[in-house]
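Undergrad: I have a structure here, written as structure tokens, and I will follow up with some questions on it.
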Amino acid sequence: MNKASGRLQRIVESRSERRRAIIIFAGAAIAASIIGLDAEAHGPTPHKIDESVAIGAKPEAVWALIGDFANLSKWHPLVAESSAKSDEIQGKLRVFTLKSGGQVVDGLTEYDPSKMTYSYRRVDEDVKALPVSSYTATITVEPSADGTAKVEWIGRYYRGDTGNDPPEELNDEAATKAMTDFFQSGLRNLKSLAEHKG
């Protein structure tokens with residue numbers, strides 16, 4: 001092979017390598033774009049909250065405080081007032097006003113006083129009052145080995161804005177903070193009330 005032929009071959013190989021690099025780069029960019037779009041397409045993530053508290057009082061005494069589904073203001077410090085309401089479609093409801101402002105409506109889905117438990121779901125859509133959607137929960141009073149009580153409160157929810165680009169006040173962080181504050185403050189106050197009465 002003469003020198004001219006060698007130079008020509010090297011030029012061809014160099015161009016071929018550049019084309020391969022461009023193709024690989026373009027493929028990687030397209031893949032990254034598809035992954036990004038796919039992640040956005042999945043929308044909001046479901047969340048779960050599971051809070052519990054040990055209370056130095058008899059389970060029956062604790063149930064006496066929380067067993068009335070509608071009377072949330074009796075034991076929850078963030079609730080200014082609450083009342084019962086009935087709806088032909090939604091069934092038994094509780095309507096409560098938060099001290100921070102805004103009103104929330106929950107619908108009772110299960111109630112078992114023999115097991116000291118009930119479940120409910122949120123039926124209103126005022127995400128400004130509480131920045132969550134599709135919210136369901138169950139609260140249960142369980143007896144401990146020493147005769148005292150344990151209360152477990154479990155909830156599932158989505159953020160207030162289920163679109164792909166929620167505002168800060170309705171995103172996942174805002175929803176988790178609101179639910180954690182609501183559950184924990186409620187259980188702390190319930191413990192204080194029950195042990196004081198006991």
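The values are calculated or read from the model by the stated rules, or taken from the named source; none is laboratory data. Bear in mind the structure is a predicted one, so any value in this text is a computation, not a measurement. Positions of Cβ are generated from backbone atoms using ideal geometry, with glycine treated the same way; all protein chains shown enter the neighbour counts.
Undergrad: So which pairs qualify, if the first residue must be in segment 128-155 and of a type in the set (D, E, K, R), the second must be assigned to a loop (DSSP other than H, G, I, E, B) and surrounded by fewer than 18 Cβ atoms within 10 Å (Cβ to Cβ), the Cβ gap must be under 7 Å, and the two must be at least 6 apart or on different chains?
TA: These pairs meet every condition: Lys128/Gly102; Lys150/Ser144.
Undergrad: Taking the options Asp165, Asp161, name whichever one is farther than 23 Å from Leu193 by Cα and modelled with pLDDT under 95.
TA: None of the others qualify; the one that does is Asp165.
Undergrad: So which residues in segment 58-75 are acidic (Asp, Glu) and either outside any loop (DSSP other than H, G, I, E, B) or not assigned by TED's automatic domain parsing to the domain that holds Ile139 (or both)?
TA: Glu60
Undergrad: Do we find that Leu108 is in a strand (DSSP E or B), closer than 21 Å to Asp50 by Cβ and of a type in the set (A, V, I, L, M, F, W, C) in this structure?
TA: Yes, satisfied.
Undergrad: Mind counting the residues in segment 76-102 that are crowded, with 16+ Cβ neighbours inside 10 Å and in a strand (DSSP E or B)?
TA: Here the count works out to 9.
Undergrad: Among residues belonging to segment 95-146 that are aromatic (Phe, Trp, Tyr) and more than 15 Å from the chain's Cα centre (by Cα), point out the one that is farthest from Arg159 (Cα to Cα).
TA: Tyr111
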